[in-house]
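Visitor: Structure below; questions to follow.
The values are calculated or read from the model by the stated rules, or taken from the named source; none is laboratory data. Fair warning: this is a prediction, and the values are worked out from it, not measured in the lab. Neighbour counts are summed over all protein chains in view; Cβ atoms, including those assigned to glycine, are modelled from backbone coordinates with ideal geometry.
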Amino acid sequence: MFVDRTQVHARAGNGGAGVAAFVRAKGKPQGKPTGGNGGNGGDVIFRADDGVSTLLTYRRHPHHKAGSGSHGTGDFQHGRSGEDLVLPVPPGTTVYDEAGRMIADLVEPGQQVVVLKGGRGGRGNAAFVSPKRRAPSICEQGEYGAEETYTLELKLMADAALVGFPNAGKSTFIASVSAARPKIADYPFTTLEPNLGVVAFDDQEFVLADIPGLIEGAAEGKGLGHEFLRHTERAQVLVILLDPAITATDPVDVQRDVLLRELRAFSPDLAERPTVFAVTKADLAEAQPAAEEIPEAHLISSLTGEGVKELLYAIGALVDQAERVRPEREGYVLHRPVRRQFSVERSGDVWVVEGVGALRAVRFADLTNPQAADMAAERLERIGVEAALMEAGAQEGDTVRIGDLEFEFLTLEDEEEDEQ
């Protein structure tokens, strides 16, 4: 089964927690701080892998999670970082985020994009030793790993693409010139998924894609138009097959014009690609008169082999020419802007502060610890949360929520006055 579009729900690993620990010695109930840091959570990475040819695995198993970091322990023992989650995809896969933005176009094997960073590990109390704090008893919790659903879309990496109406003979042709074995039957829409075949003859070789049959209106999404047309985008050469068996309803020149119009409507660039035309089913009586309507078209029969070799030479020559003139295609990775550290919104009677900066400021294991509470307040003030709340209209005594924690709003100035 060929799967060319699917969704993946991925989650980065959680960070491990730091620990508060001390050297225990006789006569020194609280000695030197030795608490280690928690390990970082693993990242989520999409990587192009030429050993993968389909997205079927992700259709069957859409949920994936990176490894979490382990917790720190005493004696300066830091936790291990969680393993990164590397999700292999076929070359030619584009990755879209939940908003539908393309964030990566992975073309060459080895190209990759880190879509989710693992949660940071929390620091142990040994990391907080300073001239001001000789024996800190505070430590941080690890951060939760972020999660998101991504859409993966595969566009075939072919040198040439076969384009035509349903039942125009594309599957029969690719089966006759390569090792590809598509389903073939004498009714329209036999091919419901693209097929790839390697064509080798004399000293030439190229990859040929059999694109399922197009219908008029495909560019507007009729039938499975967009699903099929996108596979032509990476092809350097288009091979348009025309069916003489339907000349009573659609003469070959009409077929040609309709197909070119659909390609142009989907992407103007497609209409400019090197193109070769062929009238199929030369063994039919109506094939020869049909081919005469388009002088540049090859007349072929995939069953008898008539004209096939000449068509392959023509395709091969156009592929070679396109290879010489086209620039090196590079993958595409969007560097998204760094998210804001925090945002402030009013929800009923509560001020809600969201954002990674605010969460990091308060991620202590025990905020009832005065040292931890003081440091959290300093951090929030330093990144501007206090000023933002005041600007938004927060009053002394209002409730402020950050993550799962709720606080009574007091400015640092208020706290200093209370202490005096």
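Visitor: Would it be correct to say that GLU153 is modelled with pLDDT of 85 or more and in contact with a helix residue (DSSP H, G or I) (Cβ under 8 Å, 6 or more places away or on another chain)? Reasoning before the result, please.
Guide: On the way: modelled with pLDDT of 85 or more: yes; in contact with a helix residue (DSSP H, G or I) (Cβ under 8 Å, 6 or more places away or on another chain): yes.
In short, yes.
Visitor: Conditions first: (1) out of contact with any Leu (no Cβ under 9 Å at 6 or more places or on another chain); (2) assigned to a strand (DSSP E or B); (3) of a type in the set (Asp, Glu). GLU148 passes all but one, so which condition is the exception?
Guide: Among (1) out of contact with any Leu (no Cβ under 9 Å at 6 or more places or on another chain); (2) assigned to a strand (DSSP E or B); (3) of a type in the set (Asp, Glu), the lone unmet condition for GLU148 is (1).
Visitor: Specify which of the listed residues (SER130, SER70) is touching a residue at least 12 places away in the same chain (Cβ under 8 Å) and surrounded by fewer than 23 Cβ atoms within 10 Å (Cβ to Cβ). First the steps, then the outcome.
Guide: Values: SER130 fails: touching a residue at least 12 places away in the same chain (Cβ under 8 Å).
Sole residue among the options that is touching a residue at least 12 places away in the same chain (Cβ under 8 Å) and surrounded by fewer than 23 Cβ atoms within 10 Å (Cβ to Cβ): SER70.
Visitor: From the list ASP203, ASP210, which one is modelled with pLDDT of 55 or more and more than 27 Å from the chain's Cα centre (by Cα)?
Guide: On the way: ASP210 fails: more than 27 Å from the chain's Cα centre (by Cα).
Only one candidate qualifies: ASP203.
Visitor: Can you say whether VAL356 is within 28 Å of GLY18 (Cβ to Cβ), of a type outside the set (D, E, K, R) and either at pLDDT below 90 or exposed (fewer than 14 other Cβ atoms within 10 Å of the Cβ) (or both), as far as the supplied structure shows?
Guide: Numbers: within 28 Å of GLY18 (Cβ to Cβ): yes; of a type outside the set (D, E, K, R): yes; either at pLDDT below 90 or exposed (fewer than 14 other Cβ atoms within 10 Å of the Cβ) (or both): yes.
In short, yes.
Visitor: For segment 108-133, how many residues meet the condition of being closer than 24 Å to PRO62 by Cβ and in a loop (DSSP other than H, G, I, E, B)? Full working, then the answer.
Guide: Here is the first cut: in segment 108-133, the ones closer than 24 Å to PRO62 by Cβ are 109, 111-119.
Next, only the ones that are in a loop (DSSP other than H, G, I, E, B) stay: 109, 111, 117-119.
The qualifying residues number 5.
Visitor: Any idea which of VAL177, VAL89 is crowded, with 20+ Cβ neighbours inside 10 Å, out of contact with any Pro (no Cβ under 7 Å at 6 or more places or on another chain) and over 20 Å from HIS9 (Cα atoms)? I'd like the intermediate steps shown before the answer.
Guide: On the way: VAL89 fails: over 20 Å from HIS9 (Cα atoms).
Among VAL177, VAL89, only VAL177 is crowded, with 20+ Cβ neighbours inside 10 Å, out of contact with any Pro (no Cβ under 7 Å at 6 or more places or on another chain) and over 20 Å from HIS9 (Cα atoms).
Visitor: Can you confirm whether segment 94-115 contains a residue that is closer than 23 Å to ASP404 by Cβ, touching a residue at least 40 places away in the same chain (Cβ under 8 Å) and either outside the structural domain of ASP366 (by TED's automatic domain parsing) or surrounded by 21 or more Cβ atoms within 10 Å (Cβ to Cβ) (or both)?
Guide: First, the residues of segment 94-115 that are closer than 23 Å to ASP404 by Cβ: none.
Looking for residues that are closer than 23 Å to ASP404 by Cβ, touching a residue at least 40 places away in the same chain (Cβ under 8 Å) and either outside the structural domain of ASP366 (by TED's automatic domain parsing) or surrounded by 21 or more Cβ atoms within 10 Å (Cβ to Cβ) (or both), one finds none in segment 94-115, hence no.
Visitor: May I pose another question? Every residue in segment 378-395 that is over 15 Å from ARG346 (Cα atoms) and assigned to a loop (DSSP other than H, G, I, E, B), please.
Guide: GLY384
Visitor: Checking ALA290 against (1) modelled with pLDDT under 80; (2) buried (at least 17 other Cβ atoms within 10 Å of the Cβ); (3) part of a helix (DSSP H, G or I), which single condition isn't satisfied?
Guide: Condition not satisfied by ALA290: (1).
Visitor: Among residues belonging to segment 37-79 that are among the polar types (S, T, N, Q) and within 27 Å of PRO109 (Cα to Cα), point out the one that is modelled with the highest pLDDT. Step through it out loud before you land on a result.
Guide: We begin by selecting, within segment 37-79, every residue among the polar types (S, T, N, Q); these are 37, 40, 53-54, 57, 68, 70, 73, 77.
So of that shortlist, the ones also within 27 Å of PRO109 (Cα to Cα) come out as 53-54, 57.
Details: SER53: 78, THR54: 80, THR57: 89.
Step by step, filter segment 37-79, then rank; the result is THR57.
Visitor: Let me ask something else about it. Any residue in segment 19-38 that is without any contact (Cβ under 8 Å) to a residue 24 or more places away in the chain, assigned by TED's automatic domain parsing to the domain that holds GLU140, of a type in the set (S, T, N, Q) and in contact with a strand residue (DSSP E or B) (Cβ under 9 Å, 6 or more places away or on another chain)?
Guide: no
Visitor: Can you give me the number of residues within segment 50-59 that are free of Cβ contacts under 8 Å to residues at least 12 places away in the same chain and more than 17 Å from the chain's Cα centre (by Cα)? Step through it out loud before you land on a result.
Guide: The first filter runs over segment 50-59 and keeps only residues free of Cβ contacts under 8 Å to residues at least 12 places away in the same chain, leaving 57.
Checking the rest, the ones that are also more than 17 Å from the chain's Cα centre (by Cα) come to none.
Selection size over segment 50-59: 0.
Visitor: Now a separate question. Just to be sure before I move on: is LEU238 in contact with a His (Cβ under 6 Å, 6 or more places away or on another chain) and under 24 Å from ASP203 (Cα atoms) in the structure I sent? Steps first, please.
Guide: Details: in contact with a His (Cβ under 6 Å, 6 or more places away or on another chain): no; under 24 Å from ASP203 (Cα atoms): yes.
Taking the combined requirement at face value, the residue does not satisfy it.
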